[in-house]
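Below is one structure, written out as structure tokens; the observations come after it.
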Amino acid sequence: MQPLRLLWSLTAAGLCLLLFAVLHKHVLHQGHLSTGTCEIITMDRDSSQPKRTIARQTARCACKKGQIAGTTRARPACVDVDIIVTRQWCLMSPCLDNEGCDVLINQSGWTCTQPGGRVKTTTVS
């Protein structure tokens, strides 16, 4: 009877240790992004003005050295720092594939023009 009780105790201890290791790994990695990826943290839309929607979003990115958070194909992405420093926004391909990109005159952002003529303007704060 004694060896059976010892076997059960060791099995239970082993399962507890395994469960602890799995939970520790999950807690340790939860909230961390893989290098070169981004996630949207907050998104806000304001449609109080007619024919105009103001959308704001905040993203969190884990970029490689020499990169910074930017926008590629209307999604948050890591882009080269040089694009941001020189304010050549269209080099990061911020618009969708069927849209045309133009840098604003004062270089404070860019516009994405859809084939039907609808224009989306993005400014950088």
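The values are calculated or read from the model by the stated rules, or taken from the named source; none is laboratory data. All values reported here derive from a predicted model rather than from experimental measurement. Ligands, DNA and RNA are excluded from the accessible area calculation, which covers all protein heavy atoms including side chains. Shrake-Rupley method; radii C 1.70, N 1.55, O 1.52, S 1.80 Å.
Details
- Accessible surface for S48 stands near 90 Å², nearest 10, in the context of the full protein assembly shown (1.4 Å probe).
- You can think of it this way: the chain between M43 and A59 has 4.9 nm of extra reach, that is 0.36 nm per residue less the Cα-Cα gap.
- Mean Cα-pair separation over length for region 40-125, i.e. relative contact order, pairs under 8 Å, 6 or more apart, %: 16
- Applying 0.36 nm per residue to the separation of R75 and C90 and subtracting their alpha-carbon distance, the gain on full extension is 4.0 nm.
- L91, L33, L96, reordered so the largest accessible area comes first (probe 1.4 Å): L91, L96, L33
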